[in-house]
Amino acid sequence: MKINKNYSLLEENYLFTEIARRTKEFIDKNPDKPLIKLGIGDVTLPLSSTVADAMIGAFEELKHKETFRGYGPELGYDFAKKAVAEYYKGYGVALNTDEITIGDGIGSDIANITDLFEKGANRVLVQDPVYPLYKATSLMDGQEIIYLPCTEENNFVPSPPPDCEADMIYLCSPNNPTGATFTYDQLKEWVDYANRCNAVILYDNAYERFIEEADKPHSIFCIPEARTCAIEFGSLSKTAGFTCVRCGFTIVPHDLKSDGISLNRMWQQRQTTKYNGAPYPQQRGVAAALSPKGIADADKNIAEYKRNSTLIINTLKDKNIFYSGGTNSPYIWFKCPNGMGSWEFFDFLLNELYIVGTPGVGFGKYGENFFRLSTFNTYEATREAMKRISEKL
Ligand code: PLP
């Protein structure tokens, strides 16, 4: 056999393993200390009854001979794709249902879409700091990676390079980890760049529902020219608490072509060959989550996370600490106080204030001296954590 040696290029999942190790060591030594976890990127509020009842209803159907179903369509049920198309209409984006596929969450779709691109032959642009998946899959495929620094100077919203340096571009807005969010104009610059350079934008839209500012687009397809250069990934994980349900969608427009070859067709070929379709009950959950009632329920949960955002932002403002995110995102990214390094600040928060967060350097070298706090916790726990920061920092 000849194995893919590129796997040896992958870093171990150092960040979260190391956070877990240091946290465990602390708990073992200090079992009575009231630890608050603001490091996690996982939701804490339950599924709405709208979603849960739709999935229970689907399982109920599967219990009876008359309504039982076997394999479903590999690309997703029409009812789920229609629900996605209808949701996008709300943002002024018209999609054909055959431009949408339903999958088991966008983690896999973002990884699997790389099958469409020649291995070892593409230059891939990723932001630094970056959500680790884009970098890891590019390394596995032997692609050349170009890092685009996201810094205080560019407010973590970088502009495209002056020359055509990239064939594939990963963008995530609202961003994990920085919380920074493109305006229409900033995103249009990237769309124009990609069209000019014949590059593809792989647009991770996982945090779209957290956007509250009117100048921030909810989809890259709010910019019509994106239809010839972009693929969008839509997750329900953070929108509607689907991290365990595992169901999301991917949009590949018909107008996206390379040398006359349709990427939509290639993605359909890929999925119908290598995937047997997302589970029926989960797809009923997607349709329910994207219905007006489901969205109203999701917004209620998001509003709870945003109360935590306000607590964190106000504390950082009081302390004159530079931060980004929180407004359109569940994450707040800020500069470690007193010139501390990311891990140094992690240890300080853990050992002195009993708070767990995420060191920015774990997302890339430009994350050094920065830190990420998440709003996925209760109001009471976040308030207590901010009280400790206010008093002791
Ligand atoms: N993209 C980003 C930026 C994320 O933060 C996450 C999850 O944390 C994902 C993708 C994965 O989403 P899903 O749960 O739909 O696989």
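Scan the range 196-237 for residues that are touching a Pro at 6+ places or on another chain (Cβ under 6 Å) and closer than 26 Å to Asp259 by Cα and jot them down. Within the range 196-237, Arg227 is the sole residue that qualifies. In the range 118-137, the qualifying residues are those that are in a helix (DSSP H, G or I) and touching a Phe, Trp or Tyr at 6+ places or on another chain (Cβ under 8 Å), and the one that is nearest to Gly248 (Cα to Cα) is Tyr134.
The residues of the range 67-111 that are in a loop (DSSP other than H, G, I, E, B), small (Gly, Ala, Ser) and more than 16 Å from the ligand (Cβ to nearest atom), listed by number, are Gly70, Gly72, Gly90, Gly92, Ala94. The set of residues in the range 142-178 being surrounded by fewer than 20 Cβ atoms within 10 Å (Cβ to Cβ) and within 30 Å of Ile3 (Cβ to Cβ) consists of Gly142, Glu144, Ile145, Ile146, Tyr147.
Specify which of the listed residues (Asp53, Asp115) is closer than 30 Å to Gly364 by Cα, more than 16 Å from the ligand (Cβ to nearest atom), outside any loop (DSSP other than H, G, I, E, B) and modelled with pLDDT of 95 or more. So the residue among Asp53, Asp115 that is closer than 30 Å to Gly364 by Cα, more than 16 Å from the ligand (Cβ to nearest atom), outside any loop (DSSP other than H, G, I, E, B) and modelled with pLDDT of 95 or more is Asp115.
The selection criterion, being surrounded by 12 or more Cβ atoms within 10 Å (Cβ to Cβ), more than 24 Å from Arg209 (Cβ to Cβ) and modelled with pLDDT of 95 or more, does not hold for Asn96.
Of all the criteria given as (1) within 16 Å of the ligand (Cβ to nearest atom); (2) hydrophobic (A, V, I, L, M, F, W, C); (3) within 23 Å of Ser309 (Cβ to Cβ), the one not satisfied by Ile201 is (3).
Being touching a helix residue (DSSP H, G or I) at 6+ places or on another chain (Cβ under 6 Å) and crowded, with 22+ Cβ neighbours inside 10 Å is a description that does not apply to Leu349. Considering the range 6-48 alone, what residues qualify as being more than 28 Å from the chain's Cα centre (by Cα) and either free of Cβ contacts under 8 Å to residues at least 24 places away in the same chain or in a loop (DSSP other than H, G, I, E, B) (or both)? Glu25, Ile27, Asp28, Lys29, Asn30, Pro31, Asp32, Lys33, Pro34, listed by residue number. Looking at the range 153-180, which of the residues that are within 12 Å of the ligand (Cβ to nearest atom) and outside any loop (DSSP other than H, G, I, E, B) is nearest to Lys257 (Cα to Cα)? Checking each candidate, the answer is Tyr170. A count restricted to the range 150-203 and to residues that are closer than 25 Å to Lys119 by Cα and either within 19 Å of the chain's Cα centre (by Cα) or of a type in the set (A, V, I, L, M) (or both) stands at 14. Scanning the range 246-258 for residues that are at pLDDT 95 or above, within 18 Å of Ile389 (Cβ to Cβ) and within 16 Å of the ligand (Cβ to nearest atom) turns up nothing.
Let's see how each residue does on (1) under 30 Å from Phe117 (Cα atoms); (2) surrounded by fewer than 17 Cβ atoms within 10 Å (Cβ to Cβ); (3) at pLDDT 95 or above:
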site	(1), (2), (3)
Tyr275	yes, yes, yes
Tyr280	yes, no, yes
Ala288	no, no, yes
Ala296	no, yes, yes
Asn308	no, no, yes
Asn314	no, yes, yes
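Just one of the numbered conditions (1) of a type outside the set (Val, Ile, Thr); (2) part of a strand (DSSP E or B); (3) more than 16 Å from Val93 (Cβ to Cβ) is not true of Phe233: (3).
The values are calculated or read from the model by the stated rules, or taken from the named source; none is laboratory data. Owing to the predicted nature of the structure, the values given are computational and were not obtained by experimental measurement. When we count neighbours, we look across all protein chains shown, and the Cβ atoms used for this are built from the backbone with ideal geometry, even at glycine.
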